[in-house]
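The values are calculated or read from the model by the stated rules, or taken from the named source; none is laboratory data. What you are looking at is a predicted structure, and each value in this text was computed from that prediction instead of being measured. Note that each Cβ is placed from the backbone with ideal geometry, even for glycine, and that neighbours are counted across all protein chains shown.
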């Protein structure tokens, strides 16, 4: 049973009834610098060159869509650094790995090590639970690329709603970095791909992404690893787990579990799915061990393997639809992996690299961090590399020193993002001066309005701070907008 909503009986509960994406946000945990240093040490992360800041985390419930495009509820977490003299910070999305237990997710306090790791060094860290986990109903749509992406971007939108209304926290500066490990590597790649292919880059300025040890070619490199003829793939619980999600989405993989699995494993798998809180080990025991020929019907496997091009059998088609390698990123991508990974094939990264280059990508790399490290051993060096790389690209801790007390009106900038003009609700701009500052501090522009509209056509694509001064040079409004 999902118990997440019990969190919201707290006196500290904040509700946003009219929010577009945000349903509610509630405090989750506070982390002091000493606690974070202890966490990082226990996890094996070297923080000697990091700036360690205290962090506050929150559980976020928000609106998103399911696989059929219908409105639904999902959950996640946000970790906000407690920065001095900083008003704006970049967002880092961290996509978590395979999770069989629906309540062992960021919104309930799990994966706080990853959240604090990125947040303490100056990022607003956003961690989605995914559909079917946390507050979301139904089976987990494991490795379903579209809902991985939509759940992530709608969480970013929800977090931004909170940041824009909260008076005691940093706002985001418009930069977004995306990473995640294992299943999270697939989710990170799916999210970056979805943003680019759906022309959302103006709203979600993805500076770079670092997918880590992900299965990007589900019916290719990963398929080759699992179905290699000796049935020795040790993470075989992933098979019924991914098929349950794909059946939920596509509805044509099977009618009953006994069509795919031998007895008693068909019943065991159904019970595990219904329970929702069974561990990987419980799944492993429930399917009789690592040999998938023990629990899957031979005819199903034989028919899958007889589909030479892997594009006609319903299971193969479902996997093919959720490949995330076949695109050409317009912003930098670093795929990090290790050579001895026997859970997620290293060929996922190298094949994806070759495909992207052939499609015209110019700033994509696949980096083997340690040829002798396995899947578990690759996590720490891969995550460290991702943060170090992001740091080289990020505009961190931006402070716009305005030197005046703000007499802020209740207003919104619209449209936002915008291409030609912006307006403000509830503020008459006649006689007022407008100042526009890029979040990187490289551009400052003063103007006046015409017909209560501000012309921004000449601005380059970026995120900007808008300041409005009255006749006495007091600031009556300060806000952020994105120029497409």
* Among all residue pairs at least 6 apart or on different chains, which show Cβ distances below 7 Å where the first residue, located in the range 93-118, is on the phi > 0 side of the Ramachandran plot and in contact (Cβ under 8 Å) with a residue 12 or more places away in the chain and the second is in a loop (DSSP other than H, G, I, E, B) and crowded, with 24+ Cβ neighbours inside 10 Å? -> 111/96
* Asked: Has the range 326-340 got at least one residue that is in a loop (DSSP other than H, G, I, E, B) and closer than 18 Å to residue 371 by Cβ?
  -> yes
* Asked: Does the range 474-483 include one or more residues that are loosely packed, with under 14 Cβ neighbours inside 10 Å, at pLDDT below 85 and touching a strand residue (DSSP E or B) at 6+ places or on another chain (Cβ under 9 Å)?
  -> yes
* Structure fact -> Checked the range 207-232 for anything closer than 25 Å to residue 417 by Cα and buried (at least 22 other Cβ atoms within 10 Å of the Cβ); matches are 208, 209
* Asked: What are the residues in the range 459-482 that are outside any strand (DSSP E or B) and either under 25 Å from residue 160 (Cβ atoms) or under 32 Å from the mean Cα position of the chain (by Cα) (or both), if any?
  -> 459, 460, 461
* Asked: Which condition breaks for residue 171 when tested against (1) farther than 19 Å from residue 27 by Cβ; (2) modelled with pLDDT under 95?
  -> (1)
* Structure fact -> Residues of the range 21-41 being in contact (Cβ under 8 Å) with a residue 40 or more places away in the chain, out of contact with any helix residue (DSSP H, G or I) (no Cβ under 7 Å at 6 or more places or on another chain) and farther than 15 Å from residue 119 by Cα, in sequence order, are 23
* Structure fact -> Of the residues in the range 244-277 that are crowded, with 19+ Cβ neighbours inside 10 Å and part of a loop (DSSP other than H, G, I, E, B), the one that is farthest from the chain's Cα centre (by Cα) is 260
